[in-house]
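Down below is the structure, laid out as structure tokens.
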Amino acid sequence: MNQTTELPIEEALQDVLKILMWKASDAILEIYRSGELNTELKGDQSPVTKADLVAHYVLVNGLSQLTPDIPVVSEEDPSSLQIP
């Protein structure tokens, strides 16, 4: 079986996704540096931090703008797990 290590997407889209990833990473680091993690428990009793939520919003907003016809599924948005 032939396995590929690269996604079959165009280079321009890869570049935009990398920028989005770095924005989420920067947002996470900003929260961690501030020391204000604000850890809470989700409905399933798993922890979620302010950094988790900030990264979620950065990624969901960016992906929604980039690919508006593709739903975004995220563990920080339980309703998204119901997307067919």
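Residues checked against (1) among the hydroxyl-bearing types (Ser, Thr, Tyr); (2) over 29 Å from residue 13 (Cβ atoms); (3) out of contact with any helix residue (DSSP H, G or I) (no Cβ under 8 Å at 6 or more places or on another chain):
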{"site": "23", "(1), (2), (3)": "no, no, no"}
{"site": "36", "(1), (2), (3)": "no, yes, no"}
{"site": "46", "(1), (2), (3)": "yes, yes, yes"}
{"site": "56", "(1), (2), (3)": "no, no, yes"}
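Note on segment 53-81: among residues that are within 13 Å of the chain's Cα centre (by Cα) and assigned to a loop (DSSP other than H, G, I, E, B), the one that is nearest to residue 31 (Cα to Cα) is 76.
Exactly one residue among 42, 50, 18 is touching a strand residue (DSSP E or B) at 6+ places or on another chain (Cβ under 6 Å) and not hydroxyl-bearing (Ser, Thr, Tyr), and that residue is 42. Among the residues making up segment 32-52, a single one is within 17 Å of the chain's Cα centre (by Cα) and among the acidic types (Asp, Glu): 52. Screening 52, 26, 77 for residues that are free of Cβ contacts under 8 Å to residues at least 24 places away in the same chain and open to solvent by less than 70 Å² (accessible area, probe 1.4 Å) leaves exactly one candidate, 77. Taking into account only those residues within segment 55-74 that are in contact (Cβ under 8 Å) with a residue 12 or more places away in the chain and among the aliphatic types (A, V, I, L, M), which is surrounded by the most Cβ atoms within 10 Å (Cβ to Cβ)? Restricting to residues being in contact (Cβ under 8 Å) with a residue 12 or more places away in the chain and among the aliphatic types (A, V, I, L, M), the top hit is 55. Looking at (1) modelled with pLDDT under 90; (2) among the polar types (S, T, N, Q); (3) open to solvent by less than 60 Å² (accessible area, probe 1.4 Å); (4) over 13 Å from the mean Cα position of the chain (by Cα), find the lone condition where residue 4 falls short. Single failed check for residue 4: (3).
The values are calculated or read from the model by the stated rules, or taken from the named source; none is laboratory data. All values reported here derive from a predicted model rather than from experimental measurement. Please note: Cβ atoms are built from the backbone with ideal geometry, for glycine as well, and neighbour counts cover all protein chains shown. Areas reflect the complete protein model, heavy atoms only, side chains present, ligands, DNA and RNA absent. Shrake-Rupley method; radii C 1.70, N 1.55, O 1.52, S 1.80 Å.
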